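A short worksheet on the structure shown next.
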Amino acid sequence: MTRPISRIDLNLLGVFEAIYSRGGVTAAARHLHLTQSAISHSLAKLRVAFDDELFVRFGNAMVPTALARAIIGPVRDALGMVEQALVAAARFDPATTQRSFRIGLRQANEARFFADLVSRALAQAPGATLVSVNFRRSEIAAALAHGELDMAIDVPSAAIDGLLAEPLRTDTMVVAARRGHPAIDGAIDLATYLACDHVHASPRSTGLGLEDQALATKGLSRTVRVRCQNIWSAWQTVARSDMILTLLDAHARALRPVADHQVLPLPFRIAAWPLQLLWHESAARDPGNAWLRALVQETFAGSMP
């Protein structure tokens, strides 16, 4: 049955997308800053308009019906086109904007670059708000597509397929050991690297690092004695122990004022680590997004050694 567009309020489509993406009325209400009763009322209207339940309860979740799954793509496309039209029609002036920008940053990259980016951005846009957001790599494409993030900074992976990307810098990995380490003085070979205990920095509680993957190709492994959630804690742990830390050279340079460790070449080869600026096609013509992307590029260019 054909459903005339005049029967469907554009705001209802936004509610439909939020319920679909968030998995329920409560989460959709929180995301849209509306009451649960307002979301429920909108869902009732949607059900009448489409002559379909659209979402049915399964345990604690709202599961989309076959019709809901069929229309979510076109609905998102329509909402995206409307948003692009509104953005294109709006003039962006950094000096007067009150806009909030959400940037996906892993903790180590936040520590290295965010303060510099904030300084540059607020010098031009004193009324803007910048929010650094940690993210799961598997969810980054969806977060950018749905507008939960304006842009993100991360390494290439299968999770970013379909996103627009610009290279920011390519870095190498190094080894940090405290000065006065009993086994390391100005250089480290592979045998010493494997004999030492290691501290590993990752927001994940389990899983291998790039260094572990590279060692595995040689049939080797290391002993990770401590896992930290962020690189700053790992750097301080190295200062108070004989453990060593493998990290990006850019992060080591940023952390040297915290503790002046030995920073040594890694005694085996790992491919260079390319860092990229990521955004979704729906934000490509957004003048505010373009302004901030240019500042990110400028910030990284200024941080090059």
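The values are calculated or read from the model by the stated rules, or taken from the named source; none is laboratory data. What you are looking at is a predicted structure, and each value in this text was computed from that prediction instead of being measured. Cβ atoms come from the backbone with ideal geometry, glycine included; neighbour counts cover every protein chain shown.
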Within the range 246-305, count every residue that is in a loop (DSSP other than H, G, I, E, B) and among the aliphatic types (A, V, I, L, M). 8
Filter the range 106-133 down to the residues that are among the small types (G, A, S), surrounded by 14 or more Cβ atoms within 10 Å (Cβ to Cβ) and part of a helix (DSSP H, G or I), then identify the one that is nearest to the chain's Cα centre (by Cα). A108
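Any idea which of S233, S221, S132 is hydroxyl-bearing (S, T, Y) and out of contact with any Leu (no Cβ under 8 Å at 6 or more places or on another chain)?
Being hydroxyl-bearing (S, T, Y) and out of contact with any Leu (no Cβ under 8 Å at 6 or more places or on another chain) holds for just one of S233, S221, S132, which is S233.
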I'd like to know if the range 160-175 contains one or more residues that are farther than 22 Å from W279 by Cβ, outside any helix (DSSP H, G or I) and in contact with a helix residue (DSSP H, G or I) (Cβ under 6 Å, 6 or more places away or on another chain). yes
Conditions (1) under 25 Å from the mean Cα position of the chain (by Cα); (2) of a type outside the set (D, E); (3) modelled with pLDDT under 85 -> A18 fails only (3)
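Would you point out which residue out of I153, I160 is touching a Gly at 6+ places or on another chain (Cβ under 8 Å) and not assigned by TED's automatic domain parsing to the domain that holds P265?
I153
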Taking the range 44-99 and keeping only residues that are among the aromatic types (F, W, Y) and either surrounded by 15 or more Cβ atoms within 10 Å (Cβ to Cβ) or assigned to a helix (DSSP H, G or I) (or both), one is left with F50, F55, F92
Need pairs with beta-carbon distance below 7 Å; first residue closer than 25 Å to D93 by Cβ and within the range 125-138, second among the hydroxyl-bearing types (S, T, Y); sequence gap 6+ or separate chains. A125/T97; G127/T96; G127/T97; A128/T97; T129/S100; V131/S100
Output for Cβ contacts, cut-off 7 Å, separation at least six or different chains, first residue over 16 Å from R76 (Cα atoms) in the range 15-38, second not in a helix (DSSP H, G or I), reads G24/A61; G24/M62; V25/M62; A29/T35
Please determine whether any residue of the range 56-76 is of a type in the set (G, A, S) and touching a residue at least 60 places away in the same chain (Cβ under 8 Å). no
Going by what's in this entry, would I184 be described as part of a loop (DSSP other than H, G, I, E, B), surrounded by 12 or more Cβ atoms within 10 Å (Cβ to Cβ) and either assigned by TED's automatic domain parsing to the domain that holds A294 or at pLDDT 95 or above (or both)? yes
Confirm whether Q213 is assigned by TED's automatic domain parsing to the domain that holds A183, in contact with a Pro (Cβ under 8 Å, 6 or more places away or on another chain) and over 17 Å from I188 (Cβ atoms). no
Failed condition for Q236, given (1) over 24 Å from A152 (Cβ atoms); (2) touching a residue at least 24 places away in the same chain (Cβ under 8 Å); (3) surrounded by 14 or more Cβ atoms within 10 Å (Cβ to Cβ): (2)
Restricted to the range 193-232, and to residues that are surrounded by 15 or more Cβ atoms within 10 Å (Cβ to Cβ), free of Cβ contacts under 8 Å to residues at least 60 places away in the same chain and assigned to a helix (DSSP H, G or I), which residue is farthest from the chain's Cα centre (by Cα)? L194
